[in-house]
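The values are calculated or read from the model by the stated rules, or taken from the named source; none is laboratory data. All values derive from a computational prediction rather than experimental measurement. Positions of Cβ are generated from backbone atoms using ideal geometry, with glycine treated the same way; all protein chains shown enter the neighbour counts. Keep in mind that these areas ignore ligands, DNA and RNA; they rest on the heavy atoms of the full protein, side chains included. Shrake-Rupley method; radii C 1.70, N 1.55, O 1.52, S 1.80 Å.
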Amino acid sequence: MNVRTLKKRVLLVTLAILMIFSVGCSRQAEEEEVEEPIIVEEPEEEVVVVMEGVPSPLSGLYVPEETIDRRPMAIVFDNHSGARPQAGLIQAEIAYEFLAEGNATRYLGIFLSEEPEVIGPIRSARPYFIQKVLEFDGYFVHVGGSPQAFHDIVVQKVADIDATSRGSNVFWRKSHKKAPHNMYSSYEALLNATKSSGFRTESTLEGFQFNEEAKAPAGEKASELHINYNRAYEPSFKYDYDEERYHRFYNEAPHVDETTGEQLKAVNIIVQHVPAKVVDSDLRLEMQTIGSGSGLYLSMGQVMEITWEKKSYSGITQYYDSEGNRLLLNPGQTWVQVVHRLDIVSIKE
């Protein structure tokens, strides 16, 4: 092999080595280019929700402090067919439905943080309404009453606002309904009446106890509640799983507010069994609200059995779960359905 041929072969080998090195570097560069970057995830910051105001002792909802640093209004609402729909009852933080004479029912709305512009129709007093008023240390708003109710108002020194002794600046009749189912007022007018009467303004209200977050009672499913006081007085509730509230109906029709047209709703429903008996020729009732008894608690689409106890005329009604612990409600509006028999109550899963 001559020198010229040898040099030629060395040149070819060198070129081959350079080509291999060049391809390797190119591949390495490509691999380096497509390599995924390392992403370091920062820990998520904890979201702190700051609630404005203070919790209401009647609903557990946070409201401006000045709206609860006062005595509540306890107002008797008419529930005769000629009185429906009611105005303002939708804003009550607690609402009771009681039997009255002739198997008719009436409502007692307890207002603290809300101030309805239109309230009514307002109706007459009964002793068991007064007991509830005293439980909440409220002003009592009504139009007349039974003889026993008038007696108790005096003896118990109730902060009384009665339409029969007040002027047209506090109560007035509206022409769209027939008397006696057309007596109305407003929160502002009632508040002015308390001021002109010189009633005590400092409150001793205790209220209910509430869960910090909504919690379903430990019981069975309860998507519907139906109560048959009689054929003309049949309230019911149907649970809305999206809103997590019970929608209220009356005689199968939505129970709506007269002013807004909105349907009444409840987060909590208490069914309280209270024996009753007729005590006079006008078929007025005596409700055995002092003592103890049984009941039901519905919330978040479930129901459980409870008990209740009230030790005195003005004493607070305490509700207890099956283990004897004081009942914790979920924040929101509460309806208390007082029934004289549990067999008029039916529940659907």
> Can you pull out the residues in the range 139-148 that are more than 18 Å from Trp172 (Cα to Cα) and surrounded by fewer than 23 Cβ atoms within 10 Å (Cβ to Cβ)?
Replying inline: Ser146, Pro147, Gln148
>> When the residues of the range 256-273 are narrowed to those that are touching a helix residue (DSSP H, G or I) at 6+ places or on another chain (Cβ under 8 Å) and in a loop (DSSP other than H, G, I, E, B), which ends up nearest to Ile347 (Cα to Cα)?
In response: Leu264
>> From the list Ala104, Ala125, exactly one residue is farther than 23 Å from Asp69 by Cα, crowded, with 24+ Cβ neighbours inside 10 Å and of a type in the set (A, V, I, L, M). Which is it?
In response: Ala125
> Which pairs have Cβ atoms under 7 Å, sit 6 or more apart or on different chains, and link a residue in the range 164-187 that is without any contact (Cβ under 8 Å) to a residue 60 or more places away in the chain to one that is open to solvent by 60 Å² or more (accessible area, probe 1.4 Å) and not in a loop (DSSP other than H, G, I, E, B)?
Replying inline: Ala179/Arg173
> Can you pull out the residues in the range 277-303 that are surrounded by 18 or more Cβ atoms within 10 Å (Cβ to Cβ) and in a strand (DSSP E or B)?
Replying inline: Leu285, Met287, Gly295, Leu296, Tyr297, Leu298, Ser299, Gln302, Val303
>> Looking at the range 160-174 only, could you name the residues that are touching a helix residue (DSSP H, G or I) at 6+ places or on another chain (Cβ under 8 Å) and surrounded by fewer than 18 Cβ atoms within 10 Å (Cβ to Cβ)?
In response: Asn169
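If I filter the range 31-63 down to residues being within 24 Å of Leu328 (Cβ to Cβ) and loosely packed, with under 14 Cβ neighbours inside 10 Å, which single residue comes out as modelled with the highest pLDDT? Please lay out each step first, then the result.
Looking only at the range 31-63, we keep the residues that are within 24 Å of Leu328 (Cβ to Cβ), and these are 48-63.
Subsequent filtering for residues that are loosely packed, with under 14 Cβ neighbours inside 10 Å retains 48-52.
Values: Val48: 51, Val49: 55, Val50: 59, Met51: 71, Glu52: 83.
Of everything passing the filter in the range 31-63, Glu52 is modelled with the highest pLDDT.
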